[in-house]
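Asks: I am attaching a structure below and will ask some questions about it afterwards.
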């Protein structure tokens with residue numbers, strides 16, 4: 001694989017993570033490295049934009065990084081039992097609202113979802129009704145959290161679309177909405193492939 005990607009940026013990613021991949025017998029470290037590389041490239045390209053467009057773009061990217069980190073934090077601790085050291089190593093830097101120390105505090109908290117509750121209370125008060133929802137079981141709670149994270153991004157999209165129309169924000173907003181639409185279609189197709197019931201499919205959307 002490394003030989004096939006020799007002339008691409010991915011060759012270095014493979015070589016840097018080859019030892020971990022071999023030790024774990026899993027491509028998980030490489031997948032994380034790809035995500036880090038993806039967001040690093042986005043942020044670097046955003047630096048070349050006009051100041052107004054740069055501000056909007058960096059906010060969208062930062063919010064998406066926050067969402068990804070919260071999702072990972074819960075999965076890493078509750079499902080994969082990763083240590084704090086490993087978790088912090090995999091967390092993506094340069095989130096918009098959540099600094100690395102907040103991630104560490106959340107990991108050490110008895111209730112790891114407090115980080116999401118605090119974020120909503122401080123930044124997204126309009127979404128506070130979602131905090132009243134109760135879910136029993138780790139997977140049900142994770143689905144609820146993913147829905148709340150999706151609502152946070154939709155909140156950011158509405159904020160941009162209600163503002164000055166002649167910025168890159170409008171294009172990015174529609175791009176994100178289209179991406180969410182494609183994701184839902186893929187979820188439905190995969191669910192149909194595994195013959196899941198209509199109720200289970202709706203629960204995943």
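The values are calculated or read from the model by the stated rules, or taken from the named source; none is laboratory data. What you see is a predicted model; the values in this text were computed from it and never measured. A quick note on method: Cβ atoms are made from the backbone with ideal geometry, for glycine too, and the neighbour counts reach across all protein chains shown.
Asks: Mind telling me which of the residues 26, 11 ends up being closer than 29 Å to residue 112 by Cβ, without any contact (Cβ under 8 Å) to a residue 40 or more places away in the chain and over 19 Å from the mean Cα position of the chain (by Cα)?
Replies: After applying the criteria, what remains is 26.
Asks: For residues that are free of Cβ contacts under 8 Å to residues at least 40 places away in the same chain and under 27 Å from residue 44 (Cβ atoms), tally how many sit in segment 91-126. Talk me through it step by step, then tell me what you get.
Replies: Going residue by residue through segment 91-126, those that are free of Cβ contacts under 8 Å to residues at least 40 places away in the same chain are 91, 93, 95-114, 117-118, 120-126.
With the extra rule that they be under 27 Å from residue 44 (Cβ atoms), the set shrinks to 91, 93, 95-104, 123.
Looking only at that region, the number is 13.
Asks: Just one of (1) modelled with pLDDT under 85; (2) exposed (fewer than 14 other Cβ atoms within 10 Å of the Cβ); (3) assigned to a helix (DSSP H, G or I) trips up residue 136, so point out which.
Replies: (3)
Asks: OK, next. What is the one condition in (1) in a helix (DSSP H, G or I); (2) free of Cβ contacts under 8 Å to residues at least 40 places away in the same chain that residue 195 does not satisfy?
Replies: If we test residue 195 against (1) in a helix (DSSP H, G or I); (2) free of Cβ contacts under 8 Å to residues at least 40 places away in the same chain, just (1) comes out false.
Asks: Can you tell which of 43, 82, 73, 49 is more than 13 Å from the chain's Cα centre (by Cα) and either at pLDDT below 90 or part of a helix (DSSP H, G or I) (or both)? Let's see the steps before the verdict.
Replies: Values: 82 fails: either at pLDDT below 90 or part of a helix (DSSP H, G or I) (or both); 73 fails: more than 13 Å from the chain's Cα centre (by Cα); 49 fails: either at pLDDT below 90 or part of a helix (DSSP H, G or I) (or both).
Sole residue among the options that is more than 13 Å from the chain's Cα centre (by Cα) and either at pLDDT below 90 or part of a helix (DSSP H, G or I) (or both): 43.
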